[in-house]
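The structure under discussion appears below in the form of structure tokens.
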Amino acid sequence: MRDPLQGYHRHDVTFTVTSTADSTVVSATGSLDSTVAEHLLDRLSDEIALRPSALLVDLTRVGFCSARILRALLVASAEAHAAGIPCAIVSDQHAVRRPISLLELDHLLQVHDNLTAARKWLAVLHEVDVAHQ
């Protein structure tokens, strides 16, 4: 799926949404600078409004992540939490992980190195929910 903003800024950025019964994955590729932050937040908010079982934001193919992108991730994570939707960021990229760590946002954002680890986290959450019912 081609993103309508692709080509409007200096970097090619694409967003792809994949939904299953278990989760919705919003994948981003390219350099996420401030020019796409609102678009990313809008996309994530739209997905949260659809009430997925879980929301995973896959940034494993991101080469740059601006402060405004981090703000969008924080807002989306808070929106998902308020809606009762588990939300996690997926990335092993230095460009994503380092600013999250340096700004000590890792206690606010659930971050996993890959989709497999994020899905294992979701499975544990599901088991805990079932045990409490």
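Bear in mind that the values in this text are calculations on the coordinates, not laboratory data. Computed from a predicted model, the values in this text were never measured in an experiment. Positions of Cβ are generated from backbone atoms using ideal geometry, with glycine treated the same way; all protein chains shown enter the neighbour counts.
Hey, if you drop one equal point scatterer on each alpha-carbon of the stretch 25-85 and run the Debye formula without solvent, what base-10 log of I(q)/I(0) do you get at q = 0.21, 0.30 Å⁻¹?
-0.77, -1.35
Given labels modelled 7 Å from the Cα in the Cβ direction, how far is it in nm from Glu38 to Leu115?
Placing both labels 7 Å along Cα→Cβ, they lie 3.0 nm apart.
About the Cα centre of the chain, how large is the charge dipole given +1 on each Lys and Arg Cβ and -1 on each Asp and Glu Cβ? Please answer in debye to the nearest 20.
Details: 11 positive and 16 negative charges, 48 e Å.
For this selection, approximately 240 debye.
Take the alpha carbon atoms of the stretch 72-89, find their center, do the same for the stretch 104-133, and report the distance between the two centers in whole angstrom.
12 Å
Based on the alpha-carbon set only, what is the convex hull volume of the stretch 40-117 divided per residue, in Å³?
Expressed per residue, the convex hull around the Cα atoms of the stretch 40-117 is 83 Å³.
Plugging the Kirkwood radius over Cα pairs into Stokes-Einstein for the chain, at a temperature of 4 °C and a viscosity of 1.567 mPa s, what D comes out in µm²/s? Spell out each step's value before the answer.
Details: Rh = 14.9 Å.
Answer from the Stokes-Einstein relation: 87 µm²/s.
Just grab the label-to-label distance for Ala123 and Asp106, each label 7 Å out from Cα along the Cβ direction, in nm (one decimal).
2.4 nm
What 222 nm value per residue comes from the helices of the chain, counting each DSSP H run with n ≥ 4 as -39,500 (n - 2.57) and dividing by all residues, nearest 500 deg cm²/dmol? Walk me through the numbers on the way to the answer.
Working: 4 runs with 55 residues, N = 133.
Using -39500 (n - 2.57) per qualifying helix, the result is -13500 deg cm²/dmol.
Compute the distance in nm between two label points, each set 7 Å from the Cα along the Cα-to-Cβ direction, one at Arg61 and one at Ala131.
Spacing of the two 7 Å Cα→Cβ label points: 3.7 nm.
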